[in-house]
1. Which of the residue pairs LYS69/LYS251; LYS184/LYS382; LYS85/LYS222; LYS172/LYS461; LYS251/LYS277 have a Cα-Cα distance greater than 22 Å in the structure shown?
2. Determine by what factor the alpha-carbon radius of gyration of the chain differs from 2.2 N^0.38 Å, reporting the quotient.
3. Let me know the charge dipole size of the chain about its Cα centre in debye, to the nearest 20, where only the beta-carbon of Lys, Arg (+1) and Asp, Glu (-1) is charged.
4. Work out the FRET efficiency for HIS202 and LEU473 from their Cβ-Cβ distance, taking R0 = 30 Å, and round it to the nearest 0.05.
5. Order these by the 10 Å Cβ neighbour count, fewest first: LEU474, LEU242.
6. Starting from the Cα of ASP193, step 7 Å along the direction of its Cβ; do the same at LYS290; then give the gap between the two resulting points in nm.
7. Among PRO72, ILE458, PRO177, flag the residue with its Cα farthest along the positive direction of the charge dipole of the chain, charges on Cβ as +1 for Lys/Arg and -1 for Asp/Glu.
8. Return the long-range amide H neighbours of VAL77 (sequence gap of 5 or more, or a different chain), with a cut-off of under 5 Å between placed amide H atoms.
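Every number here is computed from the coordinates shown, using simple stated rules; none is lab data. From a predicted model like this one, the values you see are computed outputs, not experimental measurements. Note that each Cβ is placed from the backbone with ideal geometry, even for glycine, and that neighbours are counted across all protein chains shown.
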Amino acid sequence: ADLLVTPETDIIRTLFFKGIMANITQTLDLPTIELVAKEFGVTIEKPEQVSKATKVMEVLDLSDMDRLKRRPPVVTVMGHVDHGKTTLLDSIRKTKVAQGEAGGITQHIGAYHVDVEHGGLVQQVVFLDTPGHEAFTAMRARGARVTDIAILVVAADDGVRPQTIEAISHAKAAKVPIIVAINKVDKEDANPDRVKQELMEHGLVPEEWGGDAIMVPVSAIKGENLDTLLEMILLVSEVEELSANPDRAAKGTIIEAHLDKARGPVASLLVQNGTLKVGDVLVAGSVFGKVRAMIDDQGNRVDSAAPSVPVEILGLSNVPAAGHEFEVFLDEKEARSVAITRTMEQRTSRLQQALASRRVTLTSMSAQAQEGELKELNLLLKADVQGSLEAILGSLDQLPQKEVQLRTLLAAPGEISETDVDLAAASGAVILGFNTTLASGAKRAADEAGVDVREYDIIYKLLEDVQGAMEGLLEPEM
Ligand code: GDP
């Protein structure tokens with residue numbers, strides 16, 4: 001009704017004349033919505049499913065292609081709790097920043113850079129301050145793709161743990177290359193070989209054993225071998241050919257934002273293409289602003305920020321959301337009108353989201369399979385115990401995958417968490433639970449994001465549904 005600018009009762013009446021008894025809180029399916037909209041002279045277009053590849057292309061335009069220059073890699077640190085993520089981030093920052101900066105004063109703006117000597121040149125590496133795959137995936141669920149490389153921290157005295165496995169799944173789902181930092185090698189009971197062995201079971205085979213996974217033994221606390229880790233990051237970033245066009249209006253992503261009593265709305269952002277300058281007019285999500293001042297990660301006022309450079313900016317009209325994109329406009333009027341349009345769009349985006357995500361249910365996938373449109377079925381599996389998981393994964397492997405490929409993004413014991421929902425939302429996956437429960441908050445998150453969560457207590461039934469979806473035979477639910 002909001003979208004059609006029509007009283008709800010008119011819609012209910014229209015439905016009534018079509019023989020559909022709907023009430024005001026009822027959710028309609030797409031064909032019914034199309035039917036109603038037509039009556040009001042409106043056509044419904046299905047939102048395009050945005051693949052990650054086009055997402056990256058959105059940051060770079062075709063016109064950038066012949067003006068690309070290398071940019072520093074942006075790195076996120078992930079891993080199990082207590083394996084040393086924070087210590088590693090602090091340690092890299094301290095050793096590197098203290099060397100050059102006066103007094104080593106640092107400013108927390110959500111990200112920081114360090115200078116590394118590599119191949120005779122001084123190059124930069126940018127770290128996102130918030131460790132963990134939760135932050136990473138929450139950003140991704142909002143469409144942001146800021147991380148170029150993931151550092152997976154695994155404690156050598158503890159080995160691969162549940163969140164290690166989750167982090168691997170999340171990085172792989174985002175197709176972000178992983179470098180393993182085997183941490184705490186200073187400890188007496190450290191056993192790096194065991195870590196490598198365990199990582200092999202999750203598809204990460206170390207280079208020295210014939211694989212392609214880079215693994216660097218480090219001690220975050222003693223600052224040992226961090227230079228090697230940084231070198232490896234630069235090596236990987238060379239392979240990835242990370243680049244952007246610095247000679248254009250800036251685009252990028254908000255990484256943090258808050259309201260400061262004295263300074264007003266403050267946002268930390270990462271420039272991903274172009275160069276941001278003081279005085280630039282930008283729109284971040286639906287927030288309008290004119291960059292009044294910029295502060296870098298060392299607390300210095302700066303006039304401009306090139307690709308991959310994190311800065312804090314002042315001058316926004318409101319607090320934007322982390323994970324939202326920003327874009328500089330040459331025309332202030334245009335910027336204002338874009339901000340206004342976005343604000344209006346936001347009001348209806350929930351509905352659009354619900355429409356878009358309707359497609360990512362097991363039954364909608366089945367419908368796509370029937371049309372021969374489904375190429376890949378993404379799954380997240382959660383089960384009570386490892387044993388059930390293995391049984392399910394074993395059986396899923398047996399399913400014929402000629403037409404439709406099964407991709408299991410995550411298979412882990414435990415309850416279904418909000419992070420799982422974020423991952424599913426970000427990757428267009430359905431969640432299958434076996435003998436497990438939904439964590440508080442996960443249900444609401446799934447409803448909001450339109451993620452299909454299915455719970456089973458019989459393996460056979462679960463397999464039947466997956467197979468049915470792959471073959472396009474699943475009956476729509478009533
Ligand atoms: P996070 O939860 O992954 O961020 O882990 P923290 O960085 O908070 O580290 C957890 C604990 O491990 C802390 O007590 C650290 O002092 C300790 N720790 C981190 N790195 C090392 C290391 O390289 N060697 C040793 N011995 N302890 C470490």
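1. Working: LYS69/LYS251 15 Å; LYS184/LYS382 30 Å; LYS85/LYS222 14 Å; LYS172/LYS461 28 Å; LYS251/LYS277 12 Å.
Cα-Cα > 22 Å for LYS184/LYS382; LYS172/LYS461; rest within.
2. That ratio works out to 1.06.
3. Details: 48 positive and 73 negative charges, 272 e Å.
The dipole of the chain has a size of about 1300 debye.
4. Details: r = 33 Å, r/R0 = 1.09.
For HIS202 and LEU473, the calculated efficiency is 0.40.
5. On the way: LEU474 22, LEU242 18.
Ascending Cβ contact count within 10 Å gives the list LEU242, LEU474.
6. 6.7 nm
7. PRO72
8. LEU128, GLY132, ILE151
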